[in-house]
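See structure below.
The values are calculated or read from the model by the stated rules, or taken from the named source; none is laboratory data. All figures in this text were calculated on a predicted structure; none of them were measured in a lab. Because the Cβ atoms are built from the backbone with ideal geometry, glycine has one as well, and the counts that use them run over all protein chains shown.
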Amino acid sequence: MSHINLNELDLTKLRLAKSGKMVKLVYDKEPLEIVTGKLYTPFGVKVNPSSYSQWNTCNIDCSLNQSNSEISVAYRNSLEALDARITELLQEQGETLFNLNGQFDFDDINSFYSPVLRENKTYPKLMKISLPRDSKGNFEFVIFNENKEKVQVTDNNITNVLCKGKIFKSIIECNKVWYYNGRFGTTWHLKQLRFVENENATPKTYNKIYETNMLLD
């Protein structure tokens, strides 16, 4: 399936489906891929040892445009609507898909669901995007610079390429819907990223220069 702008997403077409041992969020029978607006990373890439692989796991926390423009507010509302639809699907299908056998009260699902945008104290909410690898440790996503030129990414340069303060657009895929220690949530994988000129932005000023175009291609 090709990616879709979040504001064009038909929530009625979303379903949960079992794929092997994982539960997937699918759209028209394919994994859901969405185009983000411009994102800002205040910390850069986080690299952690993996408990199941010889390769480190990498992820990046990002925040959305915090302005009160109509488009920015609509985009944030669209993410909240996506979360609401996921919790509805969990109420409808979670018992069976996760083999819970009455162990969870789905009437209280909202209290045990981790939204796409998680709280970050008094700072802007953060979206966690995982940086997937293949079985040989190669990163399974594509990065382009501001001139739309492909950037090669390895363990040696990943923290420099995706350093703090970067602004970009991306395509992300919902890799799975998870249940762990009594909580539900979603994992999002990076598929494609393109840097945007940040005009010397800093964590204090980046929101002022955000644009909210939804196209990445």
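Some notes on this structure:
- Unmet criterion (only one of (1) surrounded by 12 or more Cβ atoms within 10 Å (Cβ to Cβ); (2) in a strand (DSSP E or B); (3) not basic (K, R)) for F104: (2)
- Scanning segment 149-166 for residues that are exposed (fewer than 15 other Cβ atoms within 10 Å of the Cβ) and not in a strand (DSSP E or B) yields E149, Q152, T154, D155, N156, N157, T159, N160, C163, K164.
- Pairs are defined by a Cβ separation below 8 Å, a sequence spacing of at least 6 or placement on different chains, a first member in segment 164-190 that is in contact (Cβ under 8 Å) with a residue 60 or more places away in the chain and over 22 Å from N145 (Cβ atoms), and a second member that is assigned to a loop (DSSP other than H, G, I, E, B) and of a type in the set (V, I, T); the pairs so defined are T186/V116; W188/V116.
- Taken over segment 107-130, residues that are in a strand (DSSP E or B) and either of a type in the set (V, I, T) or over 28 Å from Q192 (Cβ atoms) (or both) amount to 2.
- Qualifying positions in segment 135-148 - among the charged types (D, E, K, R) and either assigned to a strand (DSSP E or B) or modelled with pLDDT under 95 (or both): K136, E146, K148
- Residue match in segment 72-87 (condition: part of a loop (DSSP other than H, G, I, E, B) and under 26 Å from L11 (Cα atoms)): no
- So K169, is it at pLDDT below 95 and part of a strand (DSSP E or B): yes
- Number of positions in segment 23-34 that are surrounded by 21 or more Cβ atoms within 10 Å (Cβ to Cβ) and either under 24 Å from T154 (Cβ atoms) or of a type in the set (V, I, T) (or both): 2
- Checked against the criteria, T212 does not count as touching a Phe, Trp or Tyr at 6+ places or on another chain (Cβ under 8 Å) and at pLDDT 95 or above.
- Note on segment 51-81: residues that are more than 16 Å from L117 (Cβ to Cβ) and surrounded by 12 or more Cβ atoms within 10 Å (Cβ to Cβ) amount to 6.
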